[in-house]
């Protein structure tokens, strides 16, 4: 590039020396040539720097997209495990509420305890969203290859919030209604430790709970809340899967998720 500039400058000097002109005119022509070469050099340098910045931003965007893909993939597995557990909870609440109207002939305290234990069993909900939140909190970042991806992530954030609210409501029902009721009316020792001696000595037979209207109302409330939560678990999983497919399509270097 420098050699090209030298040749152009040499040509200007030679052309100016072949034609009779005043020293001022030759100097003026030479100065214009120098300025033009400097400007061209600056423009080329700026363009090269711009290309480098573009390449750097593309690599950064691909790295962020890959990290988001990994986090969403892990979150799908995490939420799916919760869904599996909560579907068992929902089935147990259905079984308990149905028993009030149609008790099975083979019903025992052990069966009742196992269903109730399933209702009481659930893990804390802690969605994996570190990278997700960092992307949304950075107001200056954009996915250049998919301008509406940020808007899609904002919608996923709303789905996360609804799911967390559903979870908290269900947990509140367990904490405020079911747990205090069981402390007052049932034996955790019998339920969890299968202490049959206590079951025989204390009046803790399942019929006492099963035909109590208050217990029935609590189970029905939980049944409805768990059902709504399960719908949002499923919705979030499908939403995250659709974003994964979008990322894999836009950024081919991302390793595709295993179905």
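No value in this document is a laboratory result; all are computed from the given coordinates. Computed from a predicted structure; not experimentally measured. Glycine also receives a Cβ, built like all others from the backbone with ideal geometry; neighbour counts cover every protein chain displayed.
Annotations
- Taking first residues from segment 226-254 that are closer than 17 Å to residue 73 by Cβ and partners that are not in a helix (DSSP H, G or I), the Cβ contacts under 6 Å between residues at least 6 apart in sequence or on separate chains come to 244/257; 247/254; 248/254; 248/256; 250/145; 250/146.
- Unmet requirement for residue 67, which otherwise passes all of (1) part of a helix (DSSP H, G or I); (2) without any contact (Cβ under 8 Å) to a residue 40 or more places away in the chain; (3) within 23 Å of residue 235 (Cα to Cα): (2)
- Residues in segment 223-252 that are over 14 Å from residue 68 (Cβ atoms) and within 14 Å of the chain's Cα centre (by Cα): 232, 233, 234, 235, 236, 237, 238.
- Restricting segment 208-222 to residues that are in a helix (DSSP H, G or I), more than 21 Å from residue 86 (Cβ to Cβ) and in contact (Cβ under 8 Å) with a residue 12 or more places away in the chain, the residue that is farthest from the chain's Cα centre (by Cα): 208
- Residues that are assigned to a loop (DSSP other than H, G, I, E, B) and touching a helix residue (DSSP H, G or I) at 6+ places or on another chain (Cβ under 7 Å) within segment 130-167 comprise 141, 142, 143, 144, 145, 146, listed in sequence order.
- Among the residues making up segment 62-82, a single one is in contact with a helix residue (DSSP H, G or I) (Cβ under 8 Å, 6 or more places away or on another chain), surrounded by fewer than 18 Cβ atoms within 10 Å (Cβ to Cβ) and farther than 19 Å from residue 154 by Cα: 80.
- For segment 115-129, the set of residues classified as farther than 20 Å from residue 237 by Cα and in a loop (DSSP other than H, G, I, E, B) consists of 121 only.
- Considering residues of segment 118-164 that are loosely packed, with under 13 Cβ neighbours inside 10 Å and within 29 Å of residue 210 (Cα to Cα) only, the residue nearest to the chain's Cα centre (by Cα): 124
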